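The values are calculated or read from the model by the stated rules, or taken from the named source; none is laboratory data. Note that the coordinates shown come from a computational prediction; the quantities given were computed from them, not determined experimentally. Positions of Cβ are backbone-derived with ideal geometry, glycine not excepted, and every protein chain shown enters the neighbour counts. Please note that ligands, DNA and RNA were not included when accessible areas were found on the heavy atoms of the full protein model with its side chains. Shrake-Rupley method; radii C 1.70, N 1.55, O 1.52, S 1.80 Å.
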Amino acid sequence: MDRGPSDAECRPARVPGAVGPMPAPPAWAGVTLPPMPGTQERYERLLEAGLALSSELSLPAILQRIVELAAQITGARYGALGVLGRDGRITEFITTGVTPRQRAAIGHIPVGRGILGVLIEDAVPLRLRDLAEDPRSVGFPPNHPPMRCFLGAPVTARGQVFGNIYLTEKQGAAEFDAEDEGAVVLLAAQAGVAIENAHLYEEADDRAKRLEALRAITVAILAGTDAGDPVGLVARHARELVGADLATLAIPAADGELVVEAADGLDADELRGAVFPLEGSVTGEVIRTGKAVVLADAAADPRTSQPVVGGGIGPAAFVPLAVRGRTFGTLMVGNAGGGPPLRDTAVQLLETFAEQAAVALEYARLQRELHRLAVLEDRERIAKELHDGAIQALFAVGMGLQGSAMLAGDQELRRRIENAVDELDRVIRDLRNYIFGLRPGILADRQLDQALQRLVEELQQRSGVVAVAEIDPAAAAELSGKAGDLVQLAREALSNVSRHAGAATCRLSLYLTEEGAVLEVDDDGHGFDPARTGGGQGLRNLRERAEALGGRAEITSATGEGTRVRVTIPH
């Protein structure tokens, strides 16, 4: 390699935490090694090495052991193993022969240019007398130990190049010889088998953990746990499966927004319920493309509108949650800035888990919808019985009493009968209001505009809020077929005003625009910060109801400035 300024090549550093705590350098690091054993002894060591590697099931331990063995059997002062990622770049760099201080001084791991890049592209053994003399070399970074002779060989696992062994500075000789090359090639073949075994063991262990996580989520759903729990369980198990610092689950909310429905781990309380723009976020890209996004450093990513990107997260992976080709959210796992990167196997595990968790979450959603429909059906039945039975019977009794009052000769008796008739009228009105709440589809014999007006009056009577209704008859007529849904939307919005706003005044409006009909509820209450609270379940219900109508709900609020809920239903 030439000695000019260059990319970080042949750097004996490693990804922090990629293979667990770095063991102390071997006793021979930095000192002259004893003479190499003869050929027979060398191959005996290789045989022992193969047996030792095949008995180890921890992939991080295997990778470190491969590097140490390669250096020992060749007499190399420095050794490294570069693990390749999906894109063919080096994602992990396991070393031997350098001190922790040297690794820290060198800095970032190499990305795979120069001589290292040649070995990645060609995937054949490479032996050089002097790195600096090769025109393909790009030199060393500052604080890098001097290195001249070089020996490299690919490690193949599952028929693909898993990584490359890099060795430099042969002790007691000017360069590596053909026997060294043959020994490293044989070690690389043994390493490939060991890595394959470790992969199979990891897959079996990951499968068991994934199935246990899905079992816990399924049990929670079937047990009828609170609707938010399955979502929280998905985030928690995703984080535990890959050993990450943080996991979040985000779904689209209203009009170009996303909400963090669940978070587990680092700063989870601050992130849970956060609302952020769909456009310009990593989650937005994943939802749009349906493909996973893996970031080496989320904090350095330009898509800064995502809360976790600006929240101290470094390595991160965002995978889609999709059912029947529809992506309804994303699952993110990440480590704190400066933490270990997410290995390819962890990302693959997360993608598989997300596919299966999405089915469970969709099942939970359908269960909630079935429960809601069952409740509505029961309420519809009760409302029908009240309307067709009790009210009609009371009305008949009232008519009979009115007739009796006309025939009564005693004034006091007539007054009492008339009072009883008035009381029956009040009871009938109350029953109609109860029916209106139970069965908005029949609107208690009211038109949509009358029903909305009545809701506003009830709000004012119940809470003391000065409330007005501004309803365009044309808009009410256009939405008559969706009257029941509009009434429920209005009731939800006015209920939020009554319970949370602390408002003095409130206005409900229904009007037409070029986009469609608009139902709007605004108040002058204390407001809230949507970015911090997410608006709670009430506003989430509003968004879901609006989406069910093919429309959208926009919630605008600021602390001390009131709140506006605007639901647009397309023509």
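If residue 373 passes every condition in (1) touching a helix residue (DSSP H, G or I) at 6+ places or on another chain (Cβ under 6 Å); (2) within 30 Å of residue 233 (Cα to Cα) but one, which one does it miss?
It fails just one condition, (1).
Take residue 381 and decide whether it is surrounded by 14 or more Cβ atoms within 10 Å (Cβ to Cβ) and free of Cβ contacts under 8 Å to residues at least 24 places away in the same chain.
Values: surrounded by 14 or more Cβ atoms within 10 Å (Cβ to Cβ): no; free of Cβ contacts under 8 Å to residues at least 24 places away in the same chain: yes.
No.
Which of the residues that make up the stretch 497-514 are of a type in the set (A, V, I, L, M), closer than 16 Å to residue 561 by Cα and under 37 Å from the mean Cα position of the chain (by Cα)?
The first filter runs over the stretch 497-514 and keeps only residues of a type in the set (A, V, I, L, M), leaving 497, 501, 503-504, 508, 510, 512.
Next, from what is left, pick out any that are closer than 16 Å to residue 561 by Cα: 497, 501, 503-504.
497, 501, 503, listed by residue number.
What are the residues in the stretch 190-206 that are surrounded by 15 or more Cβ atoms within 10 Å (Cβ to Cβ) and either among the hydrophobic types (A, V, I, L, M, F, W, C) or on the phi > 0 side of the Ramachandran plot (or both), if any?
Passing the criteria: 191, 194, 195, 198.
Matching residues to (1) touching a strand residue (DSSP E or B) at 6+ places or on another chain (Cβ under 7 Å); (2) assigned to a helix (DSSP H, G or I); (3) open to solvent by 20 Å² or more (accessible area, probe 1.4 Å):
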{"residue": "65", "(1), (2), (3)": "no, yes, yes"}
{"residue": "69", "(1), (2), (3)": "no, yes, no"}
{"residue": "73", "(1), (2), (3)": "no, yes, no"}
{"residue": "82", "(1), (2), (3)": "yes, no, no"}
{"residue": "94", "(1), (2), (3)": "yes, no, no"}
{"residue": "108", "(1), (2), (3)": "no, no, yes"}
{"residue": "117", "(1), (2), (3)": "no, yes, no"}
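Restricting attention to the stretch 120-135, does a residue exist that is within 30 Å of residue 293 (Cα to Cα), open to solvent by less than 50 Å² (accessible area, probe 1.4 Å) and either modelled with pLDDT under 85 or aromatic (Phe, Trp, Tyr) (or both)? Break it down stepwise before answering.
First pass over the stretch 120-135, keeping only residues within 30 Å of residue 293 (Cα to Cα): 120-123.
Remaining after also requiring open to solvent by less than 50 Å² (accessible area, probe 1.4 Å): 120, 123.
Restricting the remaining residues to those that are either modelled with pLDDT under 85 or aromatic (Phe, Trp, Tyr) (or both) gives 120, 123.
For the stretch 120-135, residues within 30 Å of residue 293 (Cα to Cα), open to solvent by less than 50 Å² (accessible area, probe 1.4 Å) and either modelled with pLDDT under 85 or aromatic (Phe, Trp, Tyr) (or both): present.
I need the full set of residues from the stretch 352-391 which are at pLDDT 75 or above and closer than 30 Å to residue 417 by Cα, in order please.
390 - this is the single residue of the stretch 352-391 that is at pLDDT 75 or above and closer than 30 Å to residue 417 by Cα.
Give me a count of the residues in the stretch 332-365 that are in contact with a Pro (Cβ under 8 Å, 6 or more places away or on another chain), under 23 Å from residue 267 (Cα atoms) and not polar (S, T, N, Q).
7
What about residue 416, is it of a type outside the set (Phe, Trp, Tyr), over 25 Å from residue 517 (Cα atoms), open to solvent by 30 Å² or more (accessible area, probe 1.4 Å) and modelled with pLDDT of 75 or more? Give the derivation first.
Values: of a type outside the set (Phe, Trp, Tyr): yes; over 25 Å from residue 517 (Cα atoms): yes; open to solvent by 30 Å² or more (accessible area, probe 1.4 Å): yes; modelled with pLDDT of 75 or more: yes.
It is true that residue 416 is of a type outside the set (Phe, Trp, Tyr), over 25 Å from residue 517 (Cα atoms), open to solvent by 30 Å² or more (accessible area, probe 1.4 Å) and modelled with pLDDT of 75 or more.
Are any residues in the stretch 136-183 more than 16 Å from residue 79 (Cα to Cα), open to solvent by less than 40 Å² (accessible area, probe 1.4 Å) and touching a helix residue (DSSP H, G or I) at 6+ places or on another chain (Cβ under 8 Å), and if so, which ones?
Across the stretch 136-183, the qualifying residues are 137, 138, 139, 141, 157, 162.
List every residue pair whose Cβ atoms lie under 6 Å apart, where the two residues are 6 or more positions apart in sequence or sit on different chains, the first residue falls within the stretch 487-500 and is closer than 14 Å to residue 540 by Cα, and the second residue, located anywhere, is open to solvent by 30 Å² or more (accessible area, probe 1.4 Å) and of a type outside the set (Gly, Ala, Ser).
That search, which allows pairs on different chains as well, returns 489/545; 492/541.
Is it the case that the stretch 337-345 has a residue that's in contact with a Gly (Cβ under 9 Å, 6 or more places away or on another chain) and of a type in the set (A, V, I, L, M, F, W, C)? If you could, list the steps in order and put the result at the bottom.
Kept after step one, since they are in contact with a Gly (Cβ under 9 Å, 6 or more places away or on another chain), are these residues of the stretch 337-345: 337-344.
Add one more test, that the residue is of a type in the set (A, V, I, L, M, F, W, C), and what stays is 342.
Taking every residue of the stretch 337-345 in turn, at least one turns out to be in contact with a Gly (Cβ under 9 Å, 6 or more places away or on another chain) and of a type in the set (A, V, I, L, M, F, W, C).
Somewhere in the stretch 85-93, is a residue polar (S, T, N, Q) and over 20 Å from residue 177 (Cα atoms)? Spell out how you get there, then give the answer.
So in the stretch 85-93, the residues polar (S, T, N, Q) come out as 91.
Of the ones still in play, those that are also over 20 Å from residue 177 (Cα atoms) are 91.
Checked the stretch 85-93: at least one residue is polar (S, T, N, Q) and over 20 Å from residue 177 (Cα atoms).
Residue 397: within 30 Å of residue 218 (Cβ to Cβ) and either open to solvent by less than 70 Å² (accessible area, probe 1.4 Å) or free of Cβ contacts under 8 Å to residues at least 40 places away in the same chain (or both), yes or no? Before you say what the answer is, go through the steps one by one.
Values: within 30 Å of residue 218 (Cβ to Cβ): no; either open to solvent by less than 70 Å² (accessible area, probe 1.4 Å) or free of Cβ contacts under 8 Å to residues at least 40 places away in the same chain (or both): yes.
No: the conditions fail for residue 397.
Is it true that residue 507 is part of a strand (DSSP E or B), of a type in the set (D, E, K, R), within 17 Å of residue 464 (Cα to Cα) and open to solvent by 30 Å² or more (accessible area, probe 1.4 Å)?
Yes; evaluated as a whole, the condition is true for this residue.
Of the residues that sit in the stretch 236-287 and are of a type outside the set (A, V, I, L, M, F, W, C), in a helix (DSSP H, G or I) and in contact (Cβ under 8 Å) with a residue 12 or more places away in the chain, which one is surrounded by the fewest Cβ atoms within 10 Å (Cβ to Cβ)?
Initial filter on the stretch 236-287 (of a type outside the set (A, V, I, L, M, F, W, C)): 236-237, 239-240, 243, 245, 248, 252, 255-257, 261, 264-265, 267, 269-270, 272-273, 277, 279-281, 283-285.
Right, trim to in a helix (DSSP H, G or I) and you get 236-237, 239-240, 269-270, 283-285.
If we keep only those that are in contact (Cβ under 8 Å) with a residue 12 or more places away in the chain as well, we get 236-237, 239-240, 270, 283-285.
Details: 236: 19, 237: 21, 239: 24, 240: 16, 270: 13, 283: 30, 284: 22, 285: 17.
Ranking the qualifying residues of the stretch 236-287, first place goes to 270.
Is it the case that some residue within the stretch 472-494 is open to solvent by 40 Å² or more (accessible area, probe 1.4 Å), within 36 Å of the chain's Cα centre (by Cα) and among the hydrophobic types (A, V, I, L, M, F, W, C)?
Of the residues in the stretch 472-494, the ones open to solvent by 40 Å² or more (accessible area, probe 1.4 Å) are 472-474, 477-478, 480-482, 485, 491.
Okay, now just the ones that are also within 36 Å of the chain's Cα centre (by Cα), so 482, 485, 491.
Remaining after also requiring among the hydrophobic types (A, V, I, L, M, F, W, C): none.
No, the conditions are met nowhere in the stretch 472-494.
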